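Single-structure report; data block below.
Readers should treat all values here as calculations from the given coordinates under stated rules, not as data from a laboratory. This structure is a prediction, so every number in the text was calculated from the model and none was measured. Positions of Cβ are backbone-derived with ideal geometry, glycine not excepted, and every protein chain shown enters the neighbour counts.
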Amino acid sequence: MRKFTFDDWLEDRLTGKEFTVMGENSLPMILYFASKDPEILIPEDYKMIRQYQNEAYDIALEMTLKTYKQVYLIESSRATDKEGYLKLEIAKIEKELNKDIQRWQQASTGAKDTNGIKGSTYKRVKNQFDQLIEGRLSAATILESELYPYSLQVKYLDWLNDQTGSEQRAKKKREGQKLTYIELFKPPFNTEPKQKELFTILLTNEYVNESGEWNRKKEPNQFAALYHCLKKKAFNPIKVAPSIPIFGQRFNLTFGNDERDFCVIRSITTDPGFTETRLVFDRILSNW
């Protein structure tokens, strides 16, 4: 029996003819048996084959997920009820995943099924990826893997669920509604325990009183420093200006464009950078 090499896999020369008990074209079984005997396939070559199979799997997921996102964004932009369209898309993917709960659960853990990926598939995927980088291709990719469609659907579903919060914020903006204070924060900073912890830190350092109101004995630039510290560390990626009045109201402060206000918008919207005051907040909130 001749020895197999990495190039045999890359050129699709692993047919299984040498393993008559298995029949032909059973690449996972061929690799399994060949890897057990270094006289047939040396460990270094087997390791390289597995590495390239994993690379093909990850690249295919990345490319196809990008295509799914592009198609969704195009169709969503045409929909009159964007929130309704998003709900329908989520329901469609969940219906597909429900066809095999076990594989759905496997894919959710990050498991991969790469054993059947051939060398020619790796080369095709890499070629598509190179063209995608150059902006010449956007393609969905099929692999020799039963779990791959579920891995793809799970990642797409996660992305769609992320859009739910974005769409709700966009809807509020379109309808002229204000975000709430808690909606300024991203997980896990938008949870009740984290907000209580933040209040305790500010109270302990005498920036707020027992009612949560800002201590007006503090300088306005200290409130601005707190805002920019939290914006960088804990805020959702939303526009700065709409968040400033909401943030101020939480501490019983109002903002405007004249000097009579406690802290004017034009000064707080510009991040002063790492000033001494800012570094104080970075320090006391470092473990929050």
TODO: Using the structure shown, list the pairs from LYS92/LYS186; LYS95/LYS155; LYS66/LYS95 with a Cα-Cα distance above 19 Å, or answer none.
DONE: LYS92/LYS186; LYS66/LYS95
Open item on the list: Order 193-204, 213-224 from most to least packed using the mean count of other Cβ atoms within 10 Å.
Closed with: 213-224, 193-204
TODO: Sticking with the crude label model, points 7 Å out along Cα→Cβ, report the distance from LYS66 to SER108 in nm, one decimal please.
DONE: 2.9
Open item on the list: Let's test the formula: R0 of 22 Å, r as the Cβ-Cβ distance of TYR181 and ARG216. What FRET efficiency results, to the nearest 0.05?
Closed with: 0.70
